[in-house]
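> I have a structure I would like to understand better, so I am pasting it below and will then ask my questions one at a time.
The values are calculated or read from the model by the stated rules, or taken from the named source; none is laboratory data. The structure displayed is predicted, hence computed values, not measured ones. In this analysis, Cβ positions are derived from the backbone assuming ideal geometry, glycine residues included, and neighbour counts consider all displayed protein chains. Protein only, heavy atoms only, side chains kept; ligands, DNA and RNA dropped before computing areas. Shrake-Rupley method; radii C 1.70, N 1.55, O 1.52, S 1.80 Å.
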Amino acid sequence: MSATDDHESMREQALATVREAFTAAGADHHVMGLHPGAEQSEPLAIGEFKSFAESVWSAERRGEHLMISEVDRLPAYVQDRFADSAAAACWFTVPNWFDGNDFLGPRLVAYIDVKAEGLRRLVALHEIAHLLVDSETARCGHGAQWIETYRGLMQKYLPPGVQAIWDRTFAETSNKVAERVAADPQWLAHLLWSEPVVPPPG
């Protein structure tokens, strides 16, 4: 494979990743917009968001420490990385974890960083789904494994029907995105840089 082919393949993969994120965001925005005060979309205080996320984390039998930070309280250079994302999740090994009493050496820690507009139960489950399928060295994005994990969390921790609405909206959004991409394969290329991820028009 030539360097040009290699570059083109990487670009195709990047576009596919952006397309998956765009579609998932479209479904999330639609579900939260249908009933702004419903359980899945009700605005939470940071303490309520943490309590909900930690209760789900514990119910999923995860023993790793879950850290939740408010993006607005992080350094400016970190905030700049978020662009218009409402939240992000990742794994990170803390070189020498301090438990409040002693330094315990390296610890793998799960992190969720969230903006004020992301303080919603649906957003918490979206990010926990990433943590459940990702590792420190490999990220699954918004592909099939993440979708199934996210759907399972919605079924367990949100009112009946939310997951079914999300499924239908995700399928509709997927179809709209496919139509746009078929008409213009580079339609989402601008999102590889700095534009916000928003639901598709129509």
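> Would you rank HIS30, HIS126 by solvent-accessible area, highest first, keeping every protein chain in place and using a 1.4 Å probe?
Solvent-accessible surface, decreasing: HIS30, HIS126.
> Tilt of helix 121-133 relative to the longest C-alpha principal axis of the chain, in degrees (0 to 90, nearest 10)?
Roughly 90 degrees between the two axes.
> Also, quick follow-up: Rounded to the nearest 20 Debye, what is the dipole magnitude of the range 129-182 about its Cα centre when Lys and Arg each give +1 and Asp and Glu each give -1 at the C-beta?
So the magnitude is around 120 debye.
> Rounded to the nearest 10 degrees, what's the angle between the helix 46-59 long axis and the longest principal axis of the chain, both from Cα atoms, 0 to 90?
Its long axis makes an angle of about 90 degrees.
> Give me the dipole magnitude in Debye, nearest 20, for the chain about the Cα centre, with unit charges on the beta carbon: positive for Lys and Arg, negative for Asp and Glu. Don't jump to the answer; show the numbers that get you there.
Details: 17 positive and 29 negative charges, 77 e Å.
Charge dipole of the chain: 360 debye, to the nearest 20.
> Something else now. Tilt of helix 3-34 relative to the longest C-alpha principal axis of the chain, in degrees (0 to 90, nearest 10)?
The helix 3-34 is inclined about 70 degrees to the chain.
> Answer rounded, prolate or oblate for the range 52-119, using the Cα gyration tensor with square roots of eigenvalues a ≥ b ≥ c: rounded when a/c is under 1.5, else prolate when a/b is larger than b/c, else oblate.
Oblate, since a/c reaches 1.5 and b/c is not below a/b.
> Of the listed values (i) 149; (ii) 114; (iii) 174, grab the one calculated as volume of the Cα convex hull per residue in Å³ from the structure here.
This structure yields the entry labelled (i).
> Which of PHE92, ALA189, VAL114 sits farthest toward the positive end of the charge dipole of the chain, with +1 on the Cβ of Lys and Arg and -1 on the Cβ of Asp and Glu?
Going by the Cα projections, it comes out as VAL114.
> So for ASP113, ASP99, what's the accessible-area order with a 1.4 Å probe, most first?
Of ASP113, ASP99, the descending order of accessible area is ASP99, ASP113.
> Name the residue farthest towards the positive end of the dipole of the range 50-202 from the options TYR77, MET154, SER51, assuming +1 on Cβ of Lys and Arg, -1 on Cβ of Asp and Glu, about the Cα centre.
The residue sitting farthest along the positive end of the dipole is MET154.
> If R₀ is 30 angstrom, what is the calculated FRET efficiency for the pair ALA189 and GLU70, using the beta carbon separation as r and rounding to 0.05?
Working: r = 32 Å, r/R0 = 1.07.
The calculated FRET efficiency here is 0.40.
> If you roll a 1.4 angstrom probe over the protein chains with everything in place, what fraction of the accessible area of the chain belongs to carbon and sulfur, to the nearest %? Walk me through the numbers on the way to the answer.
Values: 5910 of 11210 Å².
Here it works out to 53 percent.
> Charges only on Cβ, +1 for Lys and Arg, -1 for Asp and Glu: so what's the dipole of the range 83-153 about the Cα centre, in debye to the nearest 20?
About 200 debye.
> Quick one: if you stick a label point 7 Å off each Cα along the C-beta vector at PHE103 and VAL78, how many nm between them?
Going from the PHE103 label point to the VAL78 one covers 2.0 nm.
> Turning to a different aspect of this structure: What are the trypsin sites (Lys or Arg not before Pro) within the range 62-123 that DSSP puts in a loop, where the Cβ has at most 15 other Cβ atoms within 10 Å?
When the trypsin sites (Lys or Arg not before Pro) of the range 62-123 are filtered for loop state and at most 15 Cβ neighbours within 10 Å, ARG62 remain.
> Also: Just the accessible area per residue of the chain, please: how many Å² with a 1.4 Å probe? Write out the running numbers ahead of the final one.
Working: 11210 Å² over 202 residues.
I get 56 Å² per residue for this part.
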